[in-house]
Each structure stands twice: as C-alpha cells, then as structure tokens.
Amino acid sequence: MKTKDLYAVIVGVSLLLVGIQPTLAVIQIPGDDSYYDIIDGVCVLNQDVVGTIEITSPEITLDGGGHTVSGTGTTEERGVFLSYMDNVTIRNLTVKDFDGKGSSGIFIQCCSGVSVTGNNISNNYWGMYLYSCGSNTVTDNNVSGNAGGIWVNADSNYNAVEGNIVSNNTGNGIYIRNSCHNTVTGNTVSSNGFNFRIRSYDNETTTDNEVYNNNFEKGLTGQQALVDVVGSGYIADNVFNRSLSDGGNYWSDWTGPDDEEPFGIVDESYDFTGGQDELPWTVQDGWLSTTRAIIDIMVLVGTVADLNAQQGIINSLDAKLGSALNALDDVNENNDVAALNSLQAFINAVEAQSGNKITEEQADVLVEEAQRIINLLIP
C-alpha cells in the first residue's frame, strides 16, 4: 500500500474512533433526514450538530433527543432558526457556543404559535431572540451564561415567557423592547447584568407588558430592573404586580418589613428606575399555594399565642398547627393531605372550646382563618 493511501486510511479510522462529525453550515428540517428520525410524527435528532438547524416547514416539532447544536464562533450564526414558520415546537435541545457578535442560540422571526420548551441555552451572544413575533411561548428553559438571555424585540406582541431559569447572562436577563402585551411570569432570574429590562427607542412603543410572580435575585449592575426610554420612545402601562391575591414579584433585595396585612407581601413597594412593584413578595415563590399557606399558618400561630386562654389549650392548638407546617415544609413528599387533616383537627379543637375556654368571637376568627388556608390547599 502506498504511503499516502495508508495515511488516508489512518485518518479515516481515527475520525470514526473519536466520533468527529463534519462541520456543517446549515441543515434543514425537514430535509437533511440523516440527522433526525421521525418518531410519532416528531423530528428527533439522532446526533449532535455543528452549525445551524433551519426549520423550513410549519407544524414541525423538533426534539433534540438530548443532543447538542454547537456554533463555530462565526459572526451572526443561529443555532436554531425559523422565519415565517408557525406552530413549531423546539424542545429537549442543548444550544451553545453561538457566541460571535450578533449570533443567537435560537432565533425566531415573524412566527406565531411557536413553543420553545425544556432547552438548555448557554454561551451564546443572545440566548434566545424573538423578532417581530406574536403569540409564542418560551417555557421551562435554562438560559444561562450568555451575553444576553431572552430578548423580545421589534413588535413581538402577546408572547409568554414562563417558568424559565435565566442566570449569569452578562447583559440583560429578560429584555423587552418595542413590544407590547407580553407576559413574563414564573421565572427565576438571577445574577444577570440587569435581571429585567424594558426599553423603547425613538419612534418605538413598549406598553402593556405584565411582569409578575417571578423570583428576581441580585443583579450584577447594582439594580435588578430598569425601564428606560431613549429619545422619543414611548413606554406606558407596563405592570409588575396584579391583584392582592396574585401579588407581584420576589426581589432578593426587598423582603421586608411585613407587619401589615396581607401577610407575605412587603409593606412598601419596590421602586426601581422607571418602574414599581407595589406588591413585592417577602419570600421566593410566595404566590404558590403551599408557600402562602405556610406564611398564613405562621401568622395563625401568632394569633393563638395572643389568646387569653389556658396554656394547655394553646399548646394543643399549636401542636396541630405545627403538624400542618411540618407536612407542608416536607419538600420530598406530597403532604398536603396531612396538612389538611391537621388544619381540620385544629378547627375541631377550636369549635370544641368555643364559648367555653375560648370566646365565640375568638373561635370564629380562628376557624375562618384556618378554613381559608384549607381552601388555598385544596386543588
């Protein structure tokens, strides 16, 4: 065998052994079907991809199958790209290293009905970018370690950004510009340049976005959120809280005081440049029924302590409330039923003492509060 032929064989075998895939510019789905399998109508990747996946038909579901789409560091690459393709789902994919200036891990342009869910998006210039899109959902993704996290821009309206972890992005974590009627809720946003930002430039309008029930934890710039206008931009009616029952957001640098009802809500609003959350929560996930029930039971413990009753009765009532707290505080088990039983036992004990060791008025207050907590926990 000639030397050059032997060298070619050695190189070919080496590539197979280490599993190196050829670098691609763009693969299309549907189209380049050696890179995915059709399983129950879903396009499931069967290998990692270096380069861009472009979705070229509507009504497509792309499942990463645990595989990775990686960039090459080239300026303005896109990991997953779709334009004018409606009702597409992108899920279970790792998208990373699209870090050349202007690049995006996932770039969606002029689409509606798109769902981006359960993906890991890291080390990109922009993690995820919605451009002139409407009625899409971005849910349960981990968007971390990018220059920018989740961007909603250029008349992207009526989108939902929910339940994502957005962390350690050097610029803005979640950013809305020139877009209206978007909902941002249930996200945990931490250690970004600005955790959240709304902005409007000249001749742009950014209004009526709702931002509530998010956990915002320490921004890198010294403030967590910013609403700002450049030139003749227009910003109005962006809200950071809803009703008393829903409240606003949790801000790690604004957790008290909480001396007045409703308990669980900081007594004073959280103010930042250009915006205000009038109903900030004192604890993470304070809006969740279990968290709110724990807060309310602790308040009820204080009410029992203030009773002018025999210590034995107070101790008995405390024990029942303590059992309810222990059940709810057990994160490894679904103990709502045990908590409900303890609260009902508390009600029974109060009613047994009503008009006897506890005044009827005191008993009515205790029973009403315990029943309200029970109603919180019942699905």
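The values are calculated or read from the model by the stated rules, or taken from the named source; none is laboratory data. Just so it is clear, the structure is predicted and the values come from calculations on it, not from any experiment. Neighbour counts run over all protein chains shown; Cβ positions are idealised from the backbone, glycine included.
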State which residue pairs qualify: first residue over 20 Å from residue 98 (Cα atoms) and surrounded by 10 or more Cβ atoms within 10 Å (Cβ to Cβ) and inside segment 14-42, second residue at pLDDT 95 or above and hydroxyl-bearing (Ser, Thr, Tyr) in any location, beta carbons under 6 Å apart, and separation of 6 or more residues or different chains. 30/57; 42/61
The lone condition residue 159 fails out of (1) under 24 Å from residue 115 (Cβ atoms); (2) in contact with an Asp or Glu (Cβ under 7 Å, 6 or more places away or on another chain) is (2)
Set 266, 227, 211: member being at pLDDT 95 or above, in the same structural domain as residue 169 (by TED's automatic domain parsing), of a type in the set (A, V, I, L, M) and over 17 Å from residue 176 (Cα atoms): 266
Which of the numbered conditions does residue 345 fail, given that it passes all the others? Conditions: (1) assigned to a helix (DSSP H, G or I); (2) free of Cβ contacts under 8 Å to residues at least 24 places away in the same chain. (2)
2 or more residues farther than 26 Å from residue 253 by Cα, over 16 Å from the mean Cα position of the chain (by Cα) and without any contact (Cβ under 8 Å) to a residue 40 or more places away in the chain: qualifying strands (runs of 3 or more DSSP E) within segment 157-216: 205-207
Does residue 242 satisfy the condition of being part of a loop (DSSP other than H, G, I, E, B) and basic (Lys, Arg)? yes
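Yes/no per residue for (1) more than 33 Å from the chain's Cα centre (by Cα); (2) in contact (Cβ under 8 Å) with a residue 12 or more places away in the chain; (3) under 18 Å from residue 375 (Cβ atoms); (4) assigned by TED's automatic domain parsing to the domain that holds residue 262:
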{"site": "300", "(1), (2), (3), (4)": "no, yes, yes, no"}
{"site": "304", "(1), (2), (3), (4)": "yes, yes, no, no"}
{"site": "315", "(1), (2), (3), (4)": "yes, no, no, no"}
{"site": "320", "(1), (2), (3), (4)": "yes, yes, yes, no"}
{"site": "323", "(1), (2), (3), (4)": "no, yes, no, no"}
{"site": "335", "(1), (2), (3), (4)": "no, no, yes, no"}
{"site": "339", "(1), (2), (3), (4)": "no, yes, yes, no"}
{"site": "350", "(1), (2), (3), (4)": "yes, yes, yes, no"}
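Please specify each residue of segment 243-262 satisfying the condition of being of a type outside the set (Asp, Glu) and surrounded by 17 or more Cβ atoms within 10 Å (Cβ to Cβ).
Taking segment 243-262 as the starting set, the residues that turn out to be of a type outside the set (Asp, Glu) are 243-245, 247-252, 254-257, 262.
Result: 247, 248, 249, 250, 251, 254.
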Residue check: is residue 108 outside any loop (DSSP other than H, G, I, E, B) and in contact with a Cys (Cβ under 6 Å, 6 or more places away or on another chain)? yes
Which residues, counting only those in segment 217-238, are within 20 Å of the chain's Cα centre (by Cα) and either in a loop (DSSP other than H, G, I, E, B) or more than 25 Å from residue 170 (Cα to Cα) (or both)? 218, 219, 220, 223, 224, 238
Looking only at segment 132-154, filter to residues that are among the polar types (S, T, N, Q) and within 18 Å of residue 92 (Cβ to Cβ); which one of those is surrounded by the most Cβ atoms within 10 Å (Cβ to Cβ)? 141
Which condition does residue 222 not pass, out of (1) surrounded by 14 or more Cβ atoms within 10 Å (Cβ to Cβ); (2) free of Cβ contacts under 8 Å to residues at least 12 places away in the same chain, if it passes all the others? (1)
For segment 67-103, give me each residue that is in contact (Cβ under 8 Å) with a residue 40 or more places away in the chain and in a loop (DSSP other than H, G, I, E, B). 71, 72, 93, 99
